[in-house]
Amino acid sequence: MSAPYQTLNHEYDNSLVSNAFGFLRLPLNFTPYNSDAQAVITGVPFDMAVSGRAGTRYGPEAIRRMSMQLAWEHCRFPWTFALQDKLRVCDCGDLVYTFGDADDFSTKLCTHIHKLAAAGKVPLCLGGDHFITLPILRGVSAVHGQVALVHFDAHSDTYAQGSECDHGTMFHHAPQEGLIAVDHSVQVGIRTEFAPSDGFLVLTGPMANDMTADEIAAAIVKRCGALPVYLSFDIDCLDPAYAPGTGTPVLGGLSSDKILKVMRKLGALNIVGMDVVEVSPPYDHGDITALAGATLALEMLYLLASRQG
């Protein structure tokens with residue numbers, strides 16, 4: 001096993017306990033493309049595309065910090081195996097780009113994700129506002145072709161108005177660019193204006209709250225079929241009672257309990273990329289939103305691990 005993973009065993013050692021920089025105390029690895037990692041975490045501190053309250057540029061740092069609360073549990077409840085026994089993960093730190101230059105940001109993020117995907121790795125990005133998903137999809141689809149989108153959110157983000165650099169227009173532009181297969185994509189938790197003509201299967205917030213976790217997961221798996229899947233989780237899918245620290249909170253969302261139950265039933269999906277976005281620490285209380293983001297990111301990694309032999 002290579003050096004970055006030697007600390008990830010069932011016994012604490014000084015390097016694991018003292019490190020508070022990487023997600024889950026993972027040692028940072030700034031050369032992820034030629035590492036043996038199967039999944040690579042990237043922080044994306046970007047909030048130039050927000051329409052409301054800014055602050056998601058601080059999301060990656062907050063999510064990593066709260067992941068320390070999860071690092072002690074080697075076998076994450078209720079999974080029956082330790083993550084590190086089945087999946088090699090590294091944290092490559094935060095994306096570096098020219099401040100204030102949205103084009104430079106998009107190009108560098110797309111290039112980074114493309115290199116990861118081409119090296120056979122699954123990217124997990126910690127946002128940042130939701131616009132980051134568009135350049136990520138460009139990088140992923142360049143390797144995997146059209147992907148099915150599984151999108152948890154309070155908003156459809158299919159709005160045609162506004163610029164390309166807008167956290168509410170990504171899933172208007174992505175189908176036009178041929179990045180996602182809309183007829184195999186699903187949106188869960190939507191409880192603001194959306195157009196059925198956009199073609200997505202939409203499980204609205206009220207619908208999802210009335211469905212069981214099994215029913216939601218089954219609908220997602222059926223919709224995606226055998227296509228490669230990109231999983232995007234906007235933290236405002238959760239009700240503000242569970243995730244107040246976000247820029248555009250909407251009442252009537254899903255509970256953290258139901259979301260976790262749904263996520264754990266998506267192991268049949270062929271996931272090729274993932275993100276957790278819109279955690280905004282300036283509006284958080286007691287770090288509960290950052291904890292939700294860190295927990296969801298960990299569950300995503302367990303989904304990948306559950307598909308390993």
### Task
First select every other residue whose beta carbon is under 14 angstrom from the beta carbon of residue 138; then total the charges, Lys and Arg +1, Asp and Glu -1.
-2
### Rh by Kirkwood over Cα pairs, then Stokes-Einstein D for the stretch 121-255 at 1.567 mPa s and 4 °C, µm²/s
87
### Query
Expressed as an acute angle from 0 to 90° and rounded to the nearest 10, what is the orientation of the C-alpha long axis of helix 213-224 relative to the principal long axis of the chain?
80
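First select every other residue whose beta carbon is under 15 angstrom from the beta carbon of residue 260; then total the charges, Lys and Arg +1, Asp and Glu -1. List each step's numbers first, then the result.
Values: positive: 76, 258, 261, 264, 265; negative: 73, 214, 239, 257, 299.
That works out to 0.
Using the structure shown, select from 108/222; 115/265; 121/265; 86/265 the pairs with a Cα to Cα distance greater than 26 angstrom. Spell out each step's value before the answer.
Working: 108/222 34 Å; 115/265 29 Å; 121/265 22 Å; 86/265 18 Å.
From 108/222; 115/265; 121/265; 86/265, over 26 Å: 108/222; 115/265.
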### Task
Taking the chain as the reference, fit the longest principal axis to its C-alpha atoms, fit the long axis of helix 102-118 to the helix C-alpha atoms, and give the angle between the two in degrees, 0 to 90, nearest 10.
60
## Note on the structure
Rounded to the nearest 500, the 222 nm mean residue ellipticity computed for the chain from DSSP H runs (n ≥ 4, each -39500 (n - 2.57)) alone is -9500 deg cm²/dmol
### Query
In sequence order, what are the phi-derived ³J(HN,Hα) couplings for the stretch 228-237 according to the Karplus relation 6.51 cos²θ - 1.76 cosθ + 1.60 with θ = phi - 60°, rounded to whole Hz, with x for glycine and proline?
x, 10, 10, 10, 10, 10, 7, 4, 7, 4
### Query
Residues in the stretch 279-306 near a label at residue 69, defined as backbone nitrogen under 13 Å from the 7 Å Cα→Cβ point?
284-296
### Peptide ranges 74-80, 227-233, 122-128, 238-244 listed from the most packed, as the mean C-beta count within 10 angstrom indicates
122-128, 227-233, 238-244, 74-80
### Message
Principal axis extents for the chain, Cα atoms only, whole Å, descending order, please.
### Response
54, 43, 39
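Treat the stretch 195-299 as a sphere of radius equal to its Kirkwood radius over Cα pairs and apply Stokes-Einstein at 20 °C in a medium of 1.002 mPa s; give the translational diffusion coefficient in µm²/s, rounded to a whole number.
Working: Rh = 14.4 Å.
Diffusion coefficient, whole number: 148 µm²/s.
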### Task
Find how many whole Å separate the alpha carbon centroid of the stretch 20-56 from the alpha carbon centroid of the stretch 90-110.
10
### Folded to 0 to 90 degrees: helix 133-144 orientation relative to the chain principal axis, Cα
70
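Evaluate the charge dipole of the chain about its Cα centre and quote only its size in Debye, nearest 20, assuming +1 on the Cβ of each Lys and Arg and -1 on the Cβ of each Asp and Glu.
On the way: 20 positive and 33 negative charges, 173 e Å.
Charge dipole, the chain, about its Cα centre: 840 debye, nearest 20.
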#### Entry: Mean Cα-pair separation over length for the chain, i.e. relative contact order, pairs under 8 Å, 6 or more apart, %
20
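None of the figures in this text is laboratory data; all of them are computed from the coordinates on show. Note that the structure is predicted; figures quoted are calculated from it, not measured. FYI the Cβ positions are ideal-geometry reconstructions off the backbone, even for glycines, and counts take in every protein chain you see.
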